[in-house]
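To keep things clear, I will list the structure first and then write my remarks on it.
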């Protein structure tokens, strides 16, 4: 595509997809061509707001675009993304990548065969707090994560591990790089038939221990990721989009002291950064920031955690 304008579409404009449409509508180097949703009235409302077309079917939209955001329910990710890739389109696929690992493997192989850009929507990778966390937290020995939210009818087709915890699993995998060698987990259905609150304790080959809690039945919203490394402590707040970094240093006299610095960019919207990065990968035909293989790896770990719950 080179320096051309990316003709973009959004498939699924519900709670999350409508924000994809909003960002695409004013992304430099891109043009929002249209949207499609299973509820025509919703598609028409979003299209009217952003001055684009509401398509009556998925194939119609795909015939007029270069790339799409896929923000349909998780159970439909594989079918919609597969059709998009088969028709030669680049895809920004919301997380979790798919329902099953077999579906994920199929999309990874198809994207590779077609030379398509397939980026998975692990949006916290684009949170300014994450950059600080990953750079300052190298050599981490212990990680403590809390991702808590109030109940919402959104994403109830999957467990909280696939809905919320998977964000942090992706970041832990980026932070450490080694494979998990021990998994202990517990999950409880509270308001639905699926797991609504979960805790996982992971031991990695590097020796890192990660303790993660995710809940969608909390009274408050918490998005905290704490990293403990030799002589360093990082506390990242994904909601505030910033991280506080503490380091043990020596002063001019050689005496130990705690130095702290705050890093982040609260005014930078992660979704905008994500879509801009995807559009850049489409234009340049480059590897996306969150390639399909990374989405598959996070999904595999999420399923391993759910498997341990089922076996308990």
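Nothing in this text is a laboratory measurement; each read-out follows from the coordinates by a stated rule. Keep in mind that what you see is a predicted model, and the values were worked out from it rather than measured. Because the Cβ atoms are built from the backbone with ideal geometry, glycine has one as well, and the counts that use them run over all protein chains shown.
Pull out the extension gain between residue 152 and residue 268, defined as 0.36 nm times the separation in residues minus the alpha carbon to alpha carbon distance; nm, one decimal. List each step's numbers first, then the result.
On the way: separation 116, 0.36 × 116 = 41.76 nm, distance 2.52 nm.
The span from residue 152 to residue 268 would gain 39.2 nm if fully extended.
When a/c is below 1.5 the answer is rounded, else prolate if a/b is larger than b/c, else oblate, so apply that to region 111-226 with a ≥ b ≥ c taken from the square roots of the Cα gyration tensor eigenvalues.
Judged from the Cα gyration tensor, region 111-226 comes out oblate (a/c at least 1.5, b/c at or above a/b).
How would you rank 247, 216, going from fewest to most other Cβ atoms within 10 Å of each one's own Cβ? The partial results should precede the final answer.
Working: 247 15, 216 25.
By the 10 Å Cβ count, ascending, the order reads 247, 216.
Ranked by Cβ crowding within 10 angstrom, fewest neighbours first, how are 105, 37, 66 ordered?
Numbers: 105 14, 37 25, 66 22.
Result, fewest neighbours first: 105, 66, 37.
Enter the mean projected area of the convex hull around the alpha-carbon atoms of region 1-147, in nm², rounded to one decimal.
Details: hull surface 42.5 nm².
The Cα convex hull of region 1-147, projected and averaged over all directions, gives 10.6 nm².
How far is it, in nm, from the label point at residue 142 to the one at residue 251 when both lie 7 Å from their Cα along the line to the Cβ?
Here the modelled spin labels are 2.8 nm apart.
Would you mind calculating the relative contact order of the chain from Cα pairs under 8 angstrom and at least 6 residues apart, reporting the percent as a whole number? The partial results should precede the final answer.
Details: 697 pairs, mean separation 61.6, N = 312.
Contact order relative to length: 20 percent.
Given all pairs of different Cα atoms, what value in angstroms does the Kirkwood hydrodynamic radius of the chain take? Kindly include the intermediate steps, with their values, before the conclusion.
On the way: mean 1/r = 0.0492 Å⁻¹.
Here the Kirkwood hydrodynamic radius works out to 20.3 Å.
What shape does region 42-113 have by the C-alpha gyration tensor, where a ≥ b ≥ c are the square roots of the eigenvalues, rounded means a/c under 1.5, and otherwise prolate means a/b greater than b/c and oblate the rest?
Values: a/c = 2.67, a/b = 1.70, b/c = 1.57.
The shape class here is prolate.
Could you work out the helix-only [θ] at 222 nm for the chain, with each DSSP H run of four or more residues adding -39,500 (n - 2.57) and the total divided by the number of residues, to the nearest 500 deg cm²/dmol?
Values: 9 runs with 104 residues, N = 312.
Roughly -10000 deg cm²/dmol at 222 nm, from the helical runs in the chain.
Rounded to the nearest 5, what % of DSSP beta bridges with both residues in region 55-134 are antiparallel? Before the final figure, lay out each step's value.
Values: 0 of 8 bridges.
Here the share of antiparallel DSSP bridges comes out near 0 percent.
Rounded to the nearest 5, what % of the DSSP beta bridges within the chain are antiparallel ones?
Values: 44 of 71 bridges.
Looking only at bridges with both residues in the chain, the antiparallel portion is about 60 percent.
So, in nm, how far is label residue 240 from label residue 106 when the simple model puts each one 7 Å beyond its Cα toward the Cβ?
Simple spin-label model gives 4.5 nm for this pair.
Once you place label points 7 Å from the Cα toward the Cβ at residue 48 and residue 276, how far apart are they in nm?
Reported label-point gap for residue 48 and residue 276 is 3.2 nm.
From zero outward in steps of 5 Å, how is the percent of C-alpha pairs of region 231-312 spread across the bins?
Pair shares across the bins are 3, 11, 11, 10, 13, 16, 14, 10, 7, 4, 1, 0.
Region 223-260 to region 157-221: how many Å between their Cα centroids?
One Cα centre to the other: 24 Å.
Return 204, 238, 225, 142 ranked ascending by Cβ neighbour count within 10 Å, so the fewest neighbours appear first. Walk me through the numbers on the way to the answer.
Values: 204 20, 238 25, 225 28, 142 14.
Result, fewest neighbours first: 142, 204, 238, 225.
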